[in-house]
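Structure first, then comments.
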Amino acid sequence: MRDAYALLIRTHSTSLLLQKIPIVIMSKPVLYTFPGSVWAAVPELVIAELYPKDAIETKVINLANGDNFDPAFIKLNPNATLPTLEANGKVYTTTADVTAHLIKHSPVPVKAGTDFIQTIHQDSLDPNFAFMMATDEETLAAKAKGFVMQFLSNRQAALERHSATPEGAPHKEFYEGKIKANGGILAIYQGKASEAGKQAFIQGSQGHLNRIGEFIVKTLPGYLEPGPFMGGDKPGEDDFHLAAWLTRIGAAVGATGPQDVIQAMERAFGKSIPEKVVKYWTAWTERPSWKTVYAAGIH
């Protein structure tokens, strides 16, 4: 738009015309994100890989404190999830939609995404539950003393606090559902759940770990063509989703950094990680964009 107007200011007559034409200055897109969010890392990778510095404004919503449950944020995104993007007068509220918008408007051409994006976002492969799960009593006890307990406790407190405010009243149904779901897992870590409930959680965690392991070992290699990325020589849209997911799974199974993710997965799954997956992981972790997003550690 600025270029079009520039062509008009060559004569006095056109300058008079300009006085009657409103000039709209577009604001920067705003990405709502959090450094520990698995899915917010997807658009962060896109931005670090494809966009000039400061092209996208970012605002942090602290998930660890339950700030996403503030009624003001729920008005912006009824799902109260990250990432969320405001751009061109619209709000994008899912990881797929946020990422697709950024890819579409990227200054660098990128291979468009496929149905793989829906696959990696299936509940059966949920990386957030992978973060909270406990596959045995020992893991449950350890997480009950660490960040998982703090995370769940803070979320519950925020949900109960915001639900009791006049501003939260219009979102009563939302809060009730979240309080019940989060509270159920919190009770297990607090030792307040029944023995049957605790064992069901452990068994569910074992099943979730097994599904993730099967996907990485048996299914994922078939997607990693032509290589090293699904997009070819450079990451495509699918790759940004997979990179964030794979990094979270590595962290969830005990890796402390990119150098021991493969080993941690092999210990957790009891199987060797296919060479295609190893090469894929190496290709990503060598890229400046991945190093930028995960500079403070994998999550």
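The condition of being part of a helix (DSSP H, G or I), modelled with pLDDT of 95 or more and of a type outside the set (Asp, Glu) holds for only one of Ala264, Ala255, that being Ala264. Exactly one residue out of Arg248, Arg211 is under 18 Å from the mean Cα position of the chain (by Cα) and among the basic types (Lys, Arg): that is Arg248.
Of the residues Ala187, Ala193, the single one that is in a loop (DSSP other than H, G, I, E, B), free of Cβ contacts under 8 Å to residues at least 60 places away in the same chain, over 30 Å from Pro29 (Cβ atoms) and of a type in the set (A, V, I, L, M, F, W, C) is Ala193.
Residues that are under 20 Å from Met265 (Cβ atoms), touching a Ser or Thr at 6+ places or on another chain (Cβ under 9 Å) and surrounded by 13 or more Cβ atoms within 10 Å (Cβ to Cβ) within the range 218-237 comprise Tyr223, Pro228, Met230, listed in sequence order. Selection of first residues in the range 168-184 that are touching a residue at least 40 places away in the same chain (Cβ under 8 Å) and of second residues that are assigned to a helix (DSSP H, G or I), restricted to Cβ pairs under 6 Å at least 6 apart or on distinct chains, gives the following pairs, ordered by first then second residue: Gly168/Pro71; Gly168/His162; His171/Ile74; Tyr175/Leu159; Tyr175/Ser163; Lys178/Leu159. The residues of the range 104-123 that are closer than 20 Å to Leu224 by Cα and assigned to a helix (DSSP H, G or I), listed by number, are Phe116, Ile117, Gln118, Thr119, Ile120.
Can you name every residue in the range 270-282 that is open to solvent by less than 30 Å² (accessible area, probe 1.4 Å) and either in contact with an Asp or Glu (Cβ under 9 Å, 6 or more places away or on another chain) or modelled with pLDDT under 95 (or both)? Within the range 270-282, Ile273, Tyr280 qualify. Considering only residues in the range 29-48 that are within 23 Å of Met132 (Cα to Cα) and of a type in the set (Val, Ile, Thr), the one that is surrounded by the most Cβ atoms within 10 Å (Cβ to Cβ) turns out to be Val42. Every test in (1) at pLDDT 95 or above; (2) open to solvent by 100 Å² or more (accessible area, probe 1.4 Å) is passed by Gln19 save one, and that test is (1). Could you tell me which of the residues Gly213, Gly204 is out of contact with any helix residue (DSSP H, G or I) (no Cβ under 7 Å at 6 or more places or on another chain), on the phi < 0 side of the Ramachandran plot and surrounded by 14 or more Cβ atoms within 10 Å (Cβ to Cβ)? On inspection, the qualifying residue turns out to be Gly204.
Against the list (1) within 18 Å of the chain's Cα centre (by Cα); (2) buried (at least 19 other Cβ atoms within 10 Å of the Cβ), the condition Phe131 fails is (2).
The values are calculated or read from the model by the stated rules, or taken from the named source; none is laboratory data. These numbers were taken from a predicted model, which means no experiment stands behind them. For neighbour counting, all protein chains shown are included, and Cβ atoms are generated from backbone atoms with ideal geometry for every residue, glycine included. These accessible areas exclude ligands, DNA and RNA; they are computed on the full protein's heavy atoms, side chains included. Shrake-Rupley method; radii C 1.70, N 1.55, O 1.52, S 1.80 Å.
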